[in-house]
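Written out below as structure tokens is the structure these notes cover.
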Amino acid sequence: MMCVDVIRIPTKGPGDVSGLLQLIEAGRVDPAAILAVLGKTEGNGGVNDFTREYAVAALSTALAPYLALAPQGVEERIAFVMSGGTEGVLSPHITVFTRKIVDGNSQKSSGKRLSIGISQTRDFLPEEIGRTAQVGETANAVRAAMADAGIDDPADVHFVQIKCPLLTSDRIEAAHGRGRRTATSSAYGSMGYSRGASALGIAVALGEVTGEISDEQILRKYDLFSSVGSTSAGIELMHNVVIVMGNSINTTSPFVIGHAVMRDAIDHAAVIDALKSVGLEPPSASIASDRLVNIFAKAEASPDGVVRGWRHTMLEDTDITATRHARAAVGGLVSGLAGTGAVYVSGGAEHQGPPGGGPIAVIART
């Protein structure tokens, strides 16, 4: 039997590990039990956002002495997913997940409770990013993470977070040197391809999409999507890191997770549904400090240029990318209903929910 714990910690910057270390020294967090860390950093969320890599390096270095590992060994042991971009009212923070094996007879809980599992794919070649090779490998890794979480039924999966790679000029050139073509020659554009292929891998693993996926469908056939997938691309890796969250009878966790799907960036009803799925009744400022642990959501500028029939300019702004606009918009909506800006809102929702929308998951204390 597993016991899963989760705690949200504010950060003063991407390299700030003081909050986590204080909890470790106080005995609140067992470093040996840390399984995954999800974070929001105040970078731009683009190709050159090195706050993500900086945050992972700082956490790995800080945890290394406690685990008797080199920092690289810490990265291999713990699933780190850092999402850049805290536009608007979003507040930088990390969410730490721990998992221990306990005596199920003495601590058995009634009903299904929060469980978490991790896995990763092999490293991808640059020409595989954003293509069916990434879809297939991701699907296999999601299934492995489900097994690691003790979840058998895909219906019990409520959130799948993936950190995936992107293309750089060097990586593109390396592929060309082997006579291979990449999905795109744009580093920024490759983020969408990688996120999209990874999301379709989630959908395939959970049976949300059936049949063969082709390269031509990625970033084109948007009616294919996952309702629980969240993917974030970064320069700091060449493989996919997979974190599956759901409810299971194999855990004694005092938490539960639920989800809903936003149909667009102003779908407050879906946010309320997600909160209600774990027994929270917004709007109430008390939920921010009482039972709510964190909210995880995807944000995207509607690709058809309209929201409920009204034109938006997120795709036309040359000063601020559409992804940053969307994070700010959805972040404000979610924060207003949750009563806190310390929520995890990630931009770029290709094949993650319907076009212009995205999944939203909530973890709460039972």
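Would you point out which residue out of THR318, THR313, THR323 is closer than 25 Å to VAL81 by Cα and of a type outside the set (D, E, K, R)?
Going through THR318, THR313, THR323 in turn, just one is closer than 25 Å to VAL81 by Cα and of a type outside the set (D, E, K, R): THR323.
Out of curiosity, is PHE124 among the aromatic types (Phe, Trp, Tyr), closer than 21 Å to ALA149 by Cβ and under 22 Å from the mean Cα position of the chain (by Cα)?
Considered against the rule, which asks whether it is among the aromatic types (Phe, Trp, Tyr), closer than 21 Å to ALA149 by Cβ and under 22 Å from the mean Cα position of the chain (by Cα), PHE124 comes out as no.
Could you list, in sequence order, all residues of region 25-56 that are touching a helix residue (DSSP H, G or I) at 6+ places or on another chain (Cβ under 9 Å), more than 25 Å from VAL244 (Cβ to Cβ) and among the aliphatic types (A, V, I, L, M)?
Within region 25-56, VAL47 is the sole residue that qualifies.
Looking at THR11, THR61, can you tell me which residue is at pLDDT 95 or above and in contact with a His (Cβ under 9 Å, 6 or more places away or on another chain)?
The conditions single out THR11.
Do any strands (runs of 3 or more DSSP E) lying entirely in region 29-133 carry at least 3 residues that are in the same structural domain as ILE213 (by TED's automatic domain parsing) and out of contact with any Ser or Thr (no Cβ under 7 Å at 6 or more places or on another chain), and which ones are they?
Here the list reads 113-120.
Restricting the search to region 291-345, which residues are touching a residue at least 60 places away in the same chain (Cβ under 8 Å) and in a strand (DSSP E or B)?
Passing the criteria: LEU292, VAL293, ASN294, ILE295, PHE296, ALA297, LYS298, TYR344, VAL345.
Can you work out which of the residues in region 205-233 that are crowded, with 24+ Cβ neighbours inside 10 Å and of a type outside the set (S, T, N, Q) is nearest to the chain's Cα centre (by Cα)?
Checking each candidate, the answer is GLY229.
Scanning region 81-103 for residues that are among the hydrophobic types (A, V, I, L, M, F, W, C) and modelled with pLDDT of 95 or more, which turns out surrounded by the fewest Cβ atoms within 10 Å (Cβ to Cβ)?
Across region 81-103, the extreme among qualifying residues is VAL89.
Being of a type in the set (D, E, K, R) and over 20 Å from the mean Cα position of the chain (by Cα) is true for just one of GLU53, GLU25. Which residue is that?
Criteria check complete, one pass: GLU25.
The values are calculated or read from the model by the stated rules, or taken from the named source; none is laboratory data. Keep in mind that what you see is a predicted model, and the values were worked out from it rather than measured. As a convention, Cβ positions derive from the backbone with ideal geometry for all residues, glycine included, and neighbour counts pool all protein chains shown.
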